[in-house]
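Presented below is the structure to which this report refers.
The values are calculated or read from the model by the stated rules, or taken from the named source; none is laboratory data. Computed from a prediction, not measured in an experiment: that's the story for all the values here. Cβ placement follows ideal geometry from the backbone for every residue including glycine, while neighbour counts extend to all protein chains displayed. Accessible surface areas use protein heavy atoms only, side chains included; no ligands, DNA or RNA. Shrake-Rupley method; radii C 1.70, N 1.55, O 1.52, S 1.80 Å.
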Amino acid sequence: MSDEEVDEKPEAFPSAEREDKAEEEVRKALSGLQKARTRETFVQDVTATIHKRSAGRFFARRTFGDRVPFGALAIAAVLGLVVIAYLMWASQTGSLAPRHEATPAQHGSALQLAP
Amino acid sequence: MTELERSLLRRLRDRDERAFRELVNGHRDRVYNITYRMLGNTAEAEDVAQEVFITVFKTIETFREESKFSTWLYRVTVNHCKNRIKYLARRHERDRDELDESSNGHNTNHAIGGTRPTAPDRALEGAQMEKLLQEAIGNLDEEHRVVVVLRDVEDLSIEEICEITGLPDGTVKSRLHRARLALRKKLSRHVGDEA
């Protein structure tokens with residue numbers, strides 16, 4: 001008998017009907033089973049296993065940007081720029097150093113010559 | 001497949017550890033639930049679930065994106081479970097042989113589950129039913145166990161089960177039908193014993 005035949009005339013197939021009911025009961029019981037959950041450390045455990053088995057070669061080497069958070073990198077970069085700017089400003093020869101106009105030599109003043 | 005999944009796959013192929021963690025986090029409970037229901041033992045289930053993710057990561061290049069990623073993942077899971085069931089059956093037989101030799105004919109009881117509680121109250125009933133069901137699933141043969149776990153426990157569609165197992169539609173349905181009837185028979189026997 002086909003499923004279509006049973007669906008059309010269920011009363012004509014009492015055993016099929018009984019089977020359907022039994023199946024439905026089992027299906028309900030199975031779908032009501034609790035969902036098993038892994039322990040919290042599962043992800044770390046799997047990753048550690050991979051590291052151990054491959055002696056650290058399995059995962060690609062992480063780039064510097066992956067290991068250090070972007071925020072920390074940005075702060076370090078800004079601080080670096082501030083320090084460079086300060087050095088350029090404070091240095092006598094730095095391009096940011098304030099320029100003092102040389103005072104013109106006055107009449108009668110002694111000319112200082114190097115010995 | 002969503003753009004997010006594609007990006008995750010790209011990163012997995014680049015062997016990105018963070019992508020791997022994301023993958024495991026997203027699928028760990030579902031994979032573990034399948035392994036647990038297939039094997040009926042938490043330690044074995046966890047071990048197999050770990051192996052599943054390691055295999056997925058190792059063989060991610062072989063995934064050709066013709067099916068859903070989850071379908072491929074569950075196929076790997078089912079294959080690992082089948083292998084473990086075979087391995088455990090072989091080990092169980094070897095252990096039994098060794099035990100038979102050492103006990104030299106003494107009566108040994110290998111029944112799973114032991115004694116059943118005699119006065120089940122309402123709270124215990126659920127847990128007991130769960131145990132009975134798990135035992136009944138464990139007593140099914142491997143091919144029936146797979147379809148019943150995927151369909152009735154995991155609620156996957158028949159089409160997905162066909163893709164995962166590589167079986168035709170009719171075979172999946174008939175196995176499912178036989179598995180449910182076998183479970184029903186086993187459960188009614190238990191319930192009948194208690195009454």
TODO: Return the residues of the range B:22-40 for which accessible area with all protein chains present is lower than in the chain on its own by 30 Å² or more; set the probe to 1.4 Å and exclude ligands, DNA and RNA.
DONE: B:24, B:28, B:29, B:32, B:33, B:37
Open item on the list: I need the phi-derived Karplus couplings for the range B:170-177: 6.51 cos²θ - 1.76 cosθ + 1.60, θ = phi - 60°, integer Hz, Gly and Pro marked x.
Closed with: x, 5, 4, 5, 5, 5, 4, 4
Open item on the list: Can you tell me which lysines have their Cα less than 21 Å from the Cα of residue B:86? Leave out same-chain residues fewer than eight positions away.
Closed with: none
TODO: Give me the number: length gained by fully extending residue A:24 to residue A:93, i.e. 0.36 nm times residue separation minus the C-alpha to C-alpha distance, one decimal in nm.
DONE: 15.9 nm
Task: Two-site FRET efficiency, residue B:97 against residue B:18, from Cβ-Cβ distance with R₀ of 35 Å, rounded to 0.05 - done: 0.15
- [ ] Work out which residues of the range B:138-152 lose at minimum 30 square angstrom of accessible surface when the other protein chains are put back, relative to the chain isolated, with a 1.4 angstrom probe, and list them by number.
- [x] B:152
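Chains B and A: what accessible area do they bury, summed, in square angstrom to the nearest 100, with a 1.4 Å probe?
Numbers: alone 12360 and 11520 Å², together 20450 Å².
Counting both chains, the buried surface is close to 3400 Å².
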TODO: Leaving ligands, DNA and RNA out of it, rank A:82, B:76 by accessible area with a 1.4 Å probe, largest first.
DONE: A:82, B:76
TODO: Just read off the accessible area of residue B:151 with the full protein assembly in place, 1.4 Å probe, to the nearest 10 Å².
DONE: 70
TODO: Report, in whole Å, the centroid distance computed from the Cα atoms of the range B:23-82 and the range B:130-195.
DONE: 19
TODO: Pop out the ³J(HN,Hα) list for the range B:126-138 in order, Karplus 6.51 cos²θ - 1.76 cosθ + 1.60 with θ = phi - 60°, rounded to Hz; leave Gly and Pro as x.
DONE: x, 5, 5, 4, 4, 5, 4, 4, 4, 5, 5, 4, x
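Between their Cα atoms, which of A:52/B:82; A:28/B:131; B:68/B:186; A:52/B:68; A:21/B:82 are more than 24 Å away from each other?
Values: A:52/B:82 26 Å; A:28/B:131 15 Å; B:68/B:186 35 Å; A:52/B:68 30 Å; A:21/B:82 30 Å.
Violating the 24 Å limit, Cα to Cα: A:52/B:82; B:68/B:186; A:52/B:68; A:21/B:82.
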Task: Using a Förster distance of 25 Å, the FRET efficiency for residue B:159-residue B:130 (Cβ separation, nearest 0.05) - done: 0.30
